[in-house]
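For reference, the structure discussed in these notes is given below.
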Amino acid sequence: GGGGGVGWSELLKSKPDGYTLGYVNAPAVFAGYLNPSTKRKETIDNFELLVNHVYDPGVIAVRADDKRFATVKDLIEYAKKDSLTATVNGVGSEPHMAALNMNKQLGTKFKPVQFSGNSEALVNVLGGHVDVLLVKVGEALSAAKDGQIRILAVMVPKRSSQLPDVPTFKEAIGSDITYHSFRGVAAPQGMDPQVVAKLQTAIEKAMKNPEHIQKMKEMGLEIDGTKGDAYKQMLKKEEATMIGLKSLLGW
């Protein structure tokens, strides 16, 4: 259960015997309990976090023929003076957090516009109805290759292997703001440490399968592999970012 749907509740009610596992999508999972309207008591601390499977980097892009912005620096400087619309897909979603974080830390005036999905967001940017496209690498690749959009920066610490010529946000403007999602495997809390270790070994082996690596690359996804406590710390850092934006999210 990615963002905390039925699957999430069912997972946490299951026996911690290693036979029921779930896929956790962060930061969406945090919105599943930080938003008071969900009335959830369980948090990320209720999971046995096994292995983070993939790291899905985000990008900031504009329409290919938008002459206003040659670089991401141009875009940010412009957005400090004038309001620009940016695509987001859900309150507390990764692009929504990125837009709010830029407004909070850089003084930009990005106005999030909600869409039901990335294809709808892309159509609206290509049609000139929205200024800025905030999507993941995998969702932007074909439109960039077709010359429909220009990807100005990847909003993660390292350049994407799929977009080696595109600078990181930090390289381009010196900002540590990131935009990405993590998707990993979790179980109910209270598992036998030997079962945890066995599952982690099996998941790691599957992740190293060459066919799997190739498939993930084609989708624009980076295989990660952070596990156990390091995985939990990684998620806690992401959770803290969302907590810092609670007032801007209306929570």
- To the nearest Å², the heavy-atom accessible area per residue of region 170-251 with 1.4 Å probe amounts to 57
- Item | Interchain or long-range residues, amide H under 5 Å from Ala153's placed H | Ile60
- Under 5 Å, built H, 5+ apart or other chain: amide partners of Lys136: Val59
- With Cα Rg over 2.2 N^0.38 Å defined as stated, name the option among (i) 1.04; (ii) 0.91; (iii) 1.11 computed from the structure displayed. (i)
- Item | Loop chymotrypsin sites (Phe, Trp or Tyr not before Pro), region 40-102 (other Cβ atoms within 10 Å of the site Cβ: 16 or fewer; DSSP) | none
- Partner lysines for Lys80 [C-alpha distance under 21 Å; skip if fewer than 8 residues away on the same chain]: Lys67, Lys104, Lys109, Lys111, Lys170
- Message: Which residue fluctuates most in the GNM of the chain (Cα springs below 10 Å): Ile177, Ile213, Ile60?
- Response: Ile213
- Base-10 log of normalised Debye intensity for region 1-98 (one unit scatterer per alpha-carbon) at q = 0.10, 0.14, 0.23, 0.24 Å⁻¹: -0.43, -0.68, -1.23, -1.31
- Message: Kirkwood Rh and Cα-based Rg: tell me the resulting Rg over Rh for region 81-169, rounded to two decimals.
- Response: 0.94
- Which of the aspartates and glutamates could a cross-linker bridge to Lys136, judged by Cα under 12 Å and excluding same-chain residues fewer than eight apart? Asp56, Glu94, Glu222
- Note on the structure: Taking protein heavy atoms only, a 1.4 Å probe, and rounding to whole percent, the accessible area of the chain owed to carbon and sulfur comes out at 52
- Message: If I take R0 = 41 Å and measure r between the Cβ atoms of Lys67 and Ala240 in this structure, what FRET efficiency does the formula 1/(1 + (r/R0)^6) give, to the nearest 0.05?
- Response: 0.60
- Query: How big is the Kirkwood radius of region 161-251, worked out from every pair of different alpha carbons and given in Å to one decimal?
  - Reply: 16.2
- Message: Need the C-alpha centroid separation for region 188-251 versus region 58-106, integer Å.
- Response: 27
- Task: For region 102-219, count all C-alpha to C-alpha pairs, find those more than 25 Å apart, and express that count as a whole percent of the total.
- Result: 42
- Note on the structure: Averaged over all viewing directions, the convex hull of the alpha carbons in region 25-82 casts a projected area in nm² of 7.1
- Task: Heads up, I need the accessible area for Ile173: 1.4 angstrom probe, whole protein in place, Å², nearest 10.
- Result: 50
- Task: Between Ala197 and Glu218, with labels modelled 7 Å along Cα→Cβ, what's the label distance in nm to one decimal, could you check?
- Result: 3.7
- Task: Between Pro57, Pro16, Pro36, find the one with the highest GNM mean-square fluctuation for the chain; connect C-alpha pairs within less than 10 Å.
- Result: Pro36
- Message: Restricting things to Cα coordinates, could you compute the convex hull volume per residue of region 52-106 in Å³?
- Response: 119
- Message: Can you tell me, using C-alpha contacts under 8 Å and at least 6 residues apart, the relative contact order of the chain as a whole percent?
- Response: 33
- Round to the nearest 10 and report in Å² the accessible area of Lys15, as given by a 1.4 Å probe over the protein chains' heavy atoms. 150
- the chain: most fluctuating residue of Ala143, Ala99, Ala86 per GNM, C-alpha cutoff 10 Å: Ala143
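The values are calculated or read from the model by the stated rules, or taken from the named source; none is laboratory data. As the structure is a prediction and not an experimental result, all values here were calculated from the model. Reconstructed Cβ throughout: ideal geometry from the backbone, glycine too, with neighbour counts over all protein chains shown. When the accessible area is computed, the model is the full protein with side chains, heavy atoms only, and any ligands, DNA or RNA have been set aside. Shrake-Rupley method; radii C 1.70, N 1.55, O 1.52, S 1.80 Å.
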